[in-house]
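Novice: Please see the structure below; I have some questions.
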Amino acid sequence: MTELPVLVVGGGPAGVAAAVALAEAGLRVLLIEQRDQLGGAIHRQPAVGAPQIWRGPARHRRNWAELASRLEHVAERIELRTSTVFLGIDGAGRFLFDDRMAGRVFARPVRAAIVAVGAVEKIAPFEGWELPGVMSAGGAQVLLKETGRPPEGPIVVAGSGPLLLAVAAQLARAGNPPLAVLERGRPWHKPKALARLMTAGPQLAEAAAYAAALALKRVPYRSGSEVLGVSETGQGLTIRVRAGSAESLLQARHLLIHDGLEPNRAGIPLPAPGAEVPVLLAGDGREILGADAAILDGQRAASAVLSRLGHAASAAPLEAALSKARSFQLALAEALRSKATPPTPQTMLCRCEGRRYADFAALPADASAREIRLMGRFGLGACQGRFCGPMLAELRGEALPSASPPRWPLRPVSLAALANFSIDQTET
């Protein structure tokens, strides 16, 4: 009987690192990636025919080149399925996938699974964030990588987090430097946190390179600055900004917003530790530790699977490096820690259903997650709460549990593909 593979979901640094480590240990691997090529968000490749104007830091390119080389050497033990989406685990314990190119759903039995689906962006809602011309900084970065072209017209980058600096620098290098970078936090007021960050050589050098790119184009970086609201004008967007007690207006065509990252765990099935088929998280989908640590965390997850399957393996050597990355992220979070201004009654929270903060505030204070969904109609739209859920949790001051246990499909799938699925399509 052919040995069942270990499933790895996600073709970014963590997923590829896990797949390579498992294959190098002699196991069969099924590597699933929803896009048409590997790389994840950080190594996103240009679309066919688009120029490649974006080049990441040299160490990231070296890390990816090394992973690609190792992947090539064990390719015979890795079954790579691109343009394929992991849908979840059905009631019979089958792992289900949607082959987008073939338009069919299929199932596969596996020995174990590593889910490395990365992170999702957060935003702190304000009036007008849903307007055309406002988009997430991460989304703009992906478009820049895929198309080779920055958004046209004046741009403002705002929110909080290191991604603001990176995206602004990449826009500047692409020929459209932002009018300003507005960081809500006040890192210069956190000397202890900054001192801890100074010990991180590679990340510090990367930040310095981004700052130099902005300085060259004379792009101001304004800390302690927050967007209070946005409105449409004939010229694009009018952005109301507060810095301390002073307010001002900026005119731009695009506003790129970002307020940090969180692990992408929406609906991810996690069986009990003693489950017959173990499922582990890896990379930013487990913990936000950065691109360098994502590779190490993929290797850690692979070591855990190998140990569970009776192979000699230990993740201990990786833990020290992961701990160092964790300390860096904690210091970074402390340096940029700030509290967003509470939303106004007219602030949109659930864009799918058009529900605003006033609708949320009108619900009973002790409303359950189910009542928030059904009575308030929050999280009932296309994203099923993946975007507005974290906002509501932040406003409630506590986690907002899902309305039901994780269930498939985790991602949208055509009804035709589902209707045509049968147990006979379980592959071996």
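Novice: Given an 8 Å cut-off on Cα distances and at least 6 residues of separation, report the relative contact order of region 1-60 as a percent.
Specialist: Working: 58 pairs, mean separation 19.8, N = 60.
Relative contact order for region 1-60 comes out at 33 percent.
Novice: Now for a different question. May I ask you to rank Leu4, Leu87, Leu281, Leu249 by accessible area, largest first, using a 1.4 Å probe over the protein chains only?
Specialist: Per-residue accessible area, sorted high to low, gives Leu249, Leu4, Leu281, Leu87.
Novice: Lys190: which aspartates and glutamates have alpha carbons under 13 Å from its alpha carbon, excluding same-chain residues fewer than 8 sequence positions away?
Specialist: Cross-link targets: Glu334.
Novice: Which length gain, in nm to one decimal place, applies between Ala275 and Arg186 when the Cα-Cα distance is subtracted from 0.36 nm times their residue separation?
Specialist: This chain segment gains 27.5 nm when fully extended.
Novice: Another question about this same structure. Treat every Asp and Glu Cβ in region 131-263 as -1 and every Lys and Arg Cβ as +1, leave all other atoms uncharged, and give the resulting dipole magnitude about the Cα centre to the nearest 20 debye.
Specialist: Here region 131-263 has a charge dipole of around 400 debye.
Novice: What does the convex hull of the Cα atoms come to per residue for region 280-399, in Å³?
Specialist: Details: hull volume 17.9 nm³, N = 120.
Convex hull of Cα atoms, per residue: 149 Å³.
Novice: Quick check: with the 1.4 Å probe, what order do Met375, Met135 take by accessible area, largest first?
Specialist: Sorted by accessible area, descending: Met375, Met135.
Novice: Considering region 65-127, what Rg and Dmax in Å follow from its alpha-carbon atoms?
Specialist: In Å, with Rg to one decimal and Dmax whole: 16.4, 53.
Novice: Helix 58-73 against the longest principal axis of the chain: what's the angle in degrees, Cα atoms only, rounded to the nearest 10?
Specialist: Result, in degrees: 20.
Novice: Under 20 °C and 1.002 mPa s, how fast does region 121-207 diffuse according to Stokes-Einstein, given a Kirkwood radius computed over C-alpha pairs? Answer in µm²/s, whole number.
Specialist: For these conditions, the coefficient is 148 µm²/s.
Novice: Ok, one more. Please compute the modelled spin-label separation between Ser69 and Glu130, points set 7 Å along Cα→Cβ, answer in nm with one decimal.
Specialist: That separation, rounded to one decimal, is 5.1 nm.
Novice: Picking from Glu130, Glu371, Glu226, which is most flexible by a Gaussian network model of the chain using Cα springs under 10 Å?
Specialist: It is Glu371.
Novice: Which whole-number percent gives the relative contact order of the chain, counting Cα pairs below 8 Å spaced six or more residues apart?
Specialist: 20 percent
Novice: Another question, then. In degrees from 0 to 90, rounded to the nearest 10, what is the angle of the helix 137-147 Cα long axis to the longest principal axis of the chain?
Specialist: It is inclined by approximately 70 degrees.
Novice: Go through Ala124, Ala367, Gly153 and say which Cα lies farthest out towards the positive end of the charge dipole of the chain; charges sit on Cβ, +1 for Lys and Arg, -1 for Asp and Glu.
Specialist: Selected residue: Gly153.
Novice: With only alpha-carbon atoms in the gyration tensor, what are the semi-axes of the equivalent ellipsoid for the chain, in Å, largest first? Mind dumping the intermediate values first?
Specialist: Numbers: eigenvalues 265, 148, 87 Å².
Square roots of five times the eigenvalues give 36, 27, 21 Å.
Novice: On to the next question. Helix-only estimate, please: 222 nm mean residue ellipticity of the chain, summing -39500 (n - 2.57) across DSSP H runs of length 4 or more and dividing by its residues, to the nearest 500. Please report the intermediate quantities before stating the final value.
Specialist: Numbers: 12 runs with 138 residues, N = 428.
Using -39500 (n - 2.57) per qualifying helix, the result is -10000 deg cm²/dmol.
Novice: Do any cysteines in the chain lack another Cys Cβ under 4.7 Å, and if so which?
Specialist: Cys352, Cys383, each lacking another Cys Cβ under 4.7 Å.
Novice: Tally Lys/Arg at +1 and Asp/Glu at -1 over every other residue whose Cβ is under 10 Å from the Cβ of Arg196; what's the total?
Specialist: For residues surrounding Arg196, the net value is +1.
Novice: Among Thr84, Leu38, Ala137, which residue has its Cα positioned farthest towards the positive end of the charge dipole of region 28-144, with +1 placed on the Cβ of Lys and Arg, -1 on the Cβ of Asp and Glu, and the dipole taken about the Cα centre?
Specialist: The residue sitting most towards the positive pole is Leu38.
Novice: When 1/r is averaged over all different Cα pairs and the result inverted, which Kirkwood radius in Å belongs to region 1-125?
Specialist: Kirkwood hydrodynamic radius for region 1-125: 15.7 Å.
Novice: At 1.4 Å probe size, what's the solvent-accessible area of His60? Round to the nearest 10 Å².
Specialist: We get 20 Å² for His60.
Novice: With labels modelled as points extended 7 Å from the Cα through the Cβ direction, what inter-label distance (nm, one decimal) is found for Leu249 paired with Asn420?
Specialist: Output for this residue pair reads 5.5 nm.
Novice: Once you charge only the Cβ atoms, +1 for Lys and Arg and -1 for Asp and Glu, what is the size of the charge dipole of region 56-155 about its Cα centre, to the nearest 20 debye?
Specialist: 480 debye
Novice: Now, a different point. Below 8 Å between Cα atoms, with a sequence gap of 6+, how large is the relative contact order for region 59-155 in percent?
Specialist: This gives 11 percent for region 59-155.
Novice: Expressed in nm to one decimal, what extension gain is obtained for the pair Glu3 and Thr147 from 0.36 nm per residue of sequence separation less their Cα-Cα distance?
Specialist: 47.7 nm
Novice: Follow-up. Leaving ligands, DNA and RNA out of it, report the carbon-plus-sulfur percent of the accessible area of the chain at a 1.4 Å probe.
Specialist: The computed percentage sits at 55.
Novice: Can you tell me the convex hull volume per residue for region 35-78, based on C-alpha atoms, in Å³ to the nearest whole number? Please report the intermediate quantities before stating the final value.
Specialist: Values: hull volume 3.9 nm³, N = 44.
It is 89 Å³ per residue.
Novice: Under a point-charge model restricted to the Cβ atoms of Lys and Arg (+1) and Asp and Glu (-1), what is the dipole moment magnitude of the chain relative to its Cα centre, in debye to the nearest 20?
Specialist: Details: 48 positive and 38 negative charges, 182 e Å.
I would put it at about 880 debye.
Novice: Rounded to the nearest 10 Å², what accessible area does Val115 show when all protein chains are kept and the probe is 1.4 Å?
Specialist: We get 0 Å² for Val115.
Novice: With angles folded into 0 to 90 degrees, how steeply does helix 316-336 sit against the dominant principal axis of the chain? Use alpha carbons for both and round to 10.
Specialist: 20 degrees
Novice: What lysines could a cross-link reach from Lys192, if we take a straight Cα to Cα line under 20 Å and drop same-chain neighbours fewer than 8 places away?
Specialist: Once the sequence-local lysines are set aside, what remains near Lys192 is Lys324, Lys339.
The values are calculated or read from the model by the stated rules, or taken from the named source; none is laboratory data. Note that the structure is a prediction, hence the values are computed from the model and not measured. Cβ: placed from backbone, ideal geometry, glycine included. Neighbour counts: every protein chain shown. These area figures cover heavy atoms from the full protein model, side chains too; ligands, DNA and RNA do not enter into them. Shrake-Rupley method; radii C 1.70, N 1.55, O 1.52, S 1.80 Å.
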